[in-house]
Amino acid sequence: MYIHYAHPTEGHDCEQVLRLWNIASRSQIGEAAQGHKQWISCVAFSPDATRIASGGWDKTVKVWDILETFGVGVPTLKDLDS
């Protein structure tokens, strides 16, 4: 899995949402997570891979439950091999 957020210094159209991607199939997983009011500047997975934390220019930190937000559970080694 891969999390995408566009940082304003990268020259992308910046979004205020997180997108979770399946690298193997190059497809987005679930819907984009919305909640920040300005650009997202950093993201990190929790050690157990059940949550994602995001920090934004709106001076907020959001914690997202991956299953609840994106509709997928914790990836297994089998998932990562396929």
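Which peptide among 16-22, 40-46 comes first, and what is the full order, when sorted by highest mean count of other Cβ atoms within 10 Å?
The most tightly packed comes first, giving 16-22, 40-46.
If we count other beta carbons within 10 Å of each Cβ, what is the order of D65, D48, D58, fewest first? Spell out each step's value before the answer.
On the way: D65 12, D48 7, D58 15.
Ordered by Cβ neighbours within 10 Å, fewest first: D48, D65, D58.
Bear in mind these aren't lab numbers, they're just calculated from the coordinates by the rules spelled out. Note that this is a predicted model, so its numbers are computed, not measured. FYI the Cβ positions are ideal-geometry reconstructions off the backbone, even for glycines, and counts take in every protein chain you see.
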